[in-house]
Amino acid sequence: MDINWLRDLIEVQAQGSFSKAASARHVSLSALSRRIQMLEAWAEHPLIDRSSYPVRLTLAGQDLLPVAQAVTGQIDQVRMRLRGVAAESKQIRFLAPNSVAVALFPRLLSLLQQVLGPLRVSVTPGNFNEVMQRFNHGEADFALYYLCRTFMPRETFSKTVSALVARDALLPVARSAKTARGSKADQWKVIMLDDTSYLGRVARAVMLHHDLNYEIGVTAPQILAIHQFAVEGAGLAWLPASLVEEDLARGRLTRVLTEIKPVAIETYVVRQSAPLELAHERVWESLQEYGHSRRIMDFTKRIA
């Protein structure tokens, strides 16, 4: 028996769909289906009626569901209590997209420490899928993520609570207009984040929407690599204003495609649903208060 099989069953019941449950659990559909089958083999009964849509639990599945919910809930609470040492001195763990970890998180931490005093904090960067997989596995107390409501909306994470911490904008930038041009006169040379990046998918959607003629010069999974390629003159890159505001101010980068409106993106922080330690709850309260008091960091106001 694997505790994750119980979590899979809970998610399938909540979503009514294997594909939606797999997305919420950040695993492939085949992996989730295989784990449900292993749980059914352990229970020696079918647990899900796959002949209906939305899918429903069988009577055996209905019997197991409240036990699964109780067991996973208790395990989460015990794990939170046992993790680390004293609550007040315990490290507060964040996960964040690479650009957020570099450009936004230090400012957010400074604001928190102005209210709460010194905090023991760790931040682990990664792409969106890495961040949410690790968060769902309980490897951090909080996770930050981007949301573009115009071009790449997505549902808020199930069974979690989020708070808005920043408003940002995705901008097309290059070292110069000349370095942004492609091999043809009407073509743009683009430095592109790969498909594992949420912002990379947003950039592709924007270019498709505006019917831009472009060629891809460089593809990379890390936004900081994309940023450096742009500074070195390798082409046009779509980057957050929070990441490039100093480059724009100092002339290392310039905005191109200025006829296209900056793409609004927001940064949210999400917490674990299980009860947190006292110090962590204070951080969460400050994050919520920060959002509600309209003191949200707004990088869109700094775009000339």
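The values are calculated or read from the model by the stated rules, or taken from the named source; none is laboratory data. What you are looking at is a predicted structure, and each value in this text was computed from that prediction instead of being measured. In this analysis, Cβ positions are derived from the backbone assuming ideal geometry, glycine residues included, and neighbour counts consider all displayed protein chains.
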Which is assigned by the TED database to the domain that holds Pro118, surrounded by fewer than 16 Cβ atoms within 10 Å (Cβ to Cβ) and more than 20 Å from the chain's Cα centre (by Cα), of Glu246, Glu277, Glu285?
Glu285
Under 7 Å between Cβ atoms, at least 6 apart or on separate chains: pull out the pairs that start in segment 199-223 with a residue that is without any contact (Cβ under 8 Å) to a residue 60 or more places away in the chain and assigned by the TED database to the domain that holds Ala237 and end on any residue that is of a type outside the set (Phe, Trp, Tyr) and part of a helix (DSSP H, G or I).
Tyr214/Met207; Ala220/Ile226
Tally, over segment 208-267, of residues that are within 24 Å of Leu164 (Cβ to Cβ), polar (S, T, N, Q) and not in a helix (DSSP H, G or I):
1
Please indicate, with yes or no, whether at least one residue in segment 148-161 is within 21 Å of Leu104 (Cα to Cα), in contact with a Cys (Cβ under 8 Å, 6 or more places away or on another chain), touching a residue at least 12 places away in the same chain (Cβ under 8 Å) and not in a helix (DSSP H, G or I).
no
Only one residue in Ala166, Ala220 is within 15 Å of Ser99 (Cα to Cα) and crowded, with 22+ Cβ neighbours inside 10 Å. Which one?
Ala166
Can you tell me which residue in segment 175-198 is nearest to Ala234 (Cα to Cα), limited to those that are exposed (fewer than 13 other Cβ atoms within 10 Å of the Cβ) and in contact (Cβ under 8 Å) with a residue 24 or more places away in the chain?
Ser176
Only unsatisfied item for Thr58, checking (1) under 30 Å from the mean Cα position of the chain (by Cα); (2) surrounded by fewer than 20 Cβ atoms within 10 Å (Cβ to Cβ); (3) not aliphatic (A, V, I, L, M), is (1)
Of all residues in segment 273-290, how many are free of Cβ contacts under 8 Å to residues at least 60 places away in the same chain and more than 22 Å from Gln74 (Cβ to Cβ)?
2
Considering residues of segment 253-304 that are touching a Leu at 6+ places or on another chain (Cβ under 7 Å) and among the basic types (Lys, Arg) only, the residue nearest to His209 (Cα to Cα)
Arg255
Let me confirm something: among Arg154, Arg149, Arg201, which residue is within 20 Å of Arg271 (Cβ to Cβ) and either crowded, with 22+ Cβ neighbours inside 10 Å or of a type outside the set (S, T, N, Q) (or both)?
Arg154
Would you confirm, using the coordinates I've provided, whether Tyr290 is out of contact with any His (no Cβ under 8 Å at 6 or more places or on another chain), of a type in the set (Ser, Thr, Tyr), outside the structural domain of Ala185 (by the TED database) and surrounded by 15 or more Cβ atoms within 10 Å (Cβ to Cβ)?
yes
On the basis of being of a type in the set (A, V, I, L, M, F, W, C), within 30 Å of Arg282 (Cβ to Cβ) and within 24 Å of the chain's Cα centre (by Cα), does Ile10 make the cut?
yes
